[in-house]
Amino acid sequence: MGRTQASELRERLLEAGSPEATFGVLECALLNRLQRPLLAHPAVAYALRQLAAADGLWRETFYGVVSQRSGFNSESILPHHAVPKCD
């Protein structure tokens, strides 16, 4: 990020008006800097496909353990979330 871009971001953050709006501006700025497409490592992509295909007690147990140890809930772990679009 160049000085001009950083200065523009700073101005938008200062003008946001509320903590929620400030975080929204920051989130969009960070998301816009991500390289597209967002690709997972092949091993991670494989593991997520296997977990998505799993069913029954094993899947519930796995997600429960991961949730407990990581602090993320199962909604955060499941591979169905997309990155929101920002202008």
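Could you count how many residues in the stretch 24-78 are modelled with pLDDT of 75 or more and within 30 Å of Arg10 (Cβ to Cβ)?
Counting residues in the stretch 24-78 that are modelled with pLDDT of 75 or more and within 30 Å of Arg10 (Cβ to Cβ) gives 11.
To keep it simple, each residue is scored yes or no on (1) surrounded by 14 or more Cβ atoms within 10 Å (Cβ to Cβ); (2) over 20 Å from the mean Cα position of the chain (by Cα); (3) polar (S, T, N, Q).
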{"residue": "Arg3", "(1), (2), (3)": "no, yes, no"}
{"residue": "Leu9", "(1), (2), (3)": "yes, yes, no"}
{"residue": "Leu13", "(1), (2), (3)": "yes, yes, no"}
{"residue": "Leu26", "(1), (2), (3)": "yes, no, no"}
{"residue": "Leu30", "(1), (2), (3)": "no, no, no"}
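With the requirement that a residue be in contact with a helix residue (DSSP H, G or I) (Cβ under 9 Å, 6 or more places away or on another chain) and surrounded by fewer than 11 Cβ atoms within 10 Å (Cβ to Cβ), what does the stretch 32-42 give you?
Leu39
The values are calculated or read from the model by the stated rules, or taken from the named source; none is laboratory data. All figures in this text were calculated on a predicted structure; none of them were measured in a lab. All Cβ positions, glycine included, derive from the backbone under ideal geometry; neighbour counts span all protein chains shown.
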